[in-house]
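*Asks:* Below you will find the structure I want to go over with you.
The values are calculated or read from the model by the stated rules, or taken from the named source; none is laboratory data. If you're wondering where the values come from, they're calculated on a predicted model, not measured in any experiment. Surface accessibility is based on the protein's heavy atoms, side chains included, excluding ligands, DNA and RNA. Shrake-Rupley method; radii C 1.70, N 1.55, O 1.52, S 1.80 Å.
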Amino acid sequence: MTSRTTPRRTVLLATAALTTATAATTTGCGSDDGGGGTESSAPASAEPSSAPGTAGGTPLTATSEIPVGGGTVFKDRKVVVTQPTEGEFKAFSAVCTHQGCLVDKVADGTIDCPCHGSKYRIADGSVAAGPAPRPLPAEEITVSGGTITLA
C-alpha cells in the first residue's frame, strides 16, 4: 500500500482560501468611539448599482448609517465601509495587513488598527501610517435604494 503526503504549503494555501471564503460570508467590525464609526455587521466595496435587490448579496447597512468623511467597521463580517465624500462608498477588509488584527475604528480620515498603530486612508485603503506593509484589500459592495449590500 502506498501513501501520499500533501505538501505543507498546499495545506496552508487551502486553509487560507477556506478561511477567506468563510470570513467573507460571516463577520464584520465596529467602532468603539463615537467619532465617525458605528458597530454593525457585514463586508463591502464600492460600485454603486442602480438595480434594486442585488441577487446573492447580503444587506449590510443603510447608506445613512455611514458618516461622510468617516466609516463603520463591521467586526462580524471583517469589513469596513467608508464614505470619503458624500455619496461615494468604499469597502475594505477589516483585517490589518501587518499581523492580522481587526481594525477597530474610523476617525480623522483613517481606518485604525489598535494592535500596532497602523492607519489606512478611507478613500482607497492605502497605508497612511505603518507598520502595515500593504493597503487594505477592497471588498465588493453595491449601493442601491439607500442600502449597502455585500456582493
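*Asks:* Using the Karplus curve 6.51 cos²θ - 1.76 cosθ + 1.60 with θ = phi - 60°, work out ³J(HN,Hα) for each residue of segment 122-137 in order, rounded to whole Hz, and write x for Gly and Pro.
*Replies:* Calculated HN-Hα couplings, in order: 6, 6, 9, x, 5, 6, 9, 8, x, x, 4, x, 9, x, 6, x Hz.
*Asks:* While we're on this one: Through the Karplus equation 6.51 cos²θ - 1.76 cosθ + 1.60, θ set to phi - 60°, convert the phi angles of segment 100-106 into ³J(HN,Hα) values in whole Hz; use x for Gly and Pro.
*Replies:* For segment 100-106, the Karplus curve yields x, 5, 8, 4, 10, 7, 10 Hz.
*Asks:* Tell me, what % of the accessible area of segment 84-151 is carbon and sulfur with a 1.4 angstrom probe?
*Replies:* Its accessible area is 49 percent carbon and sulfur atoms.
*Asks:* Let me ask something additional. Scan around residue 75 for amide H atoms under 5 Å from its own, H built in the peptide plane at 1.01 Å from N, and keep only partners 5 or more places away or cross-chain.
*Replies:* 28, 29, 30, 40
*Asks:* Please list, in chain and number order, the residues 5+ apart from residue 70 or on another chain whose amide H is under 5 Å from its amide H, with Hs placed from the backbone.
*Replies:* 83
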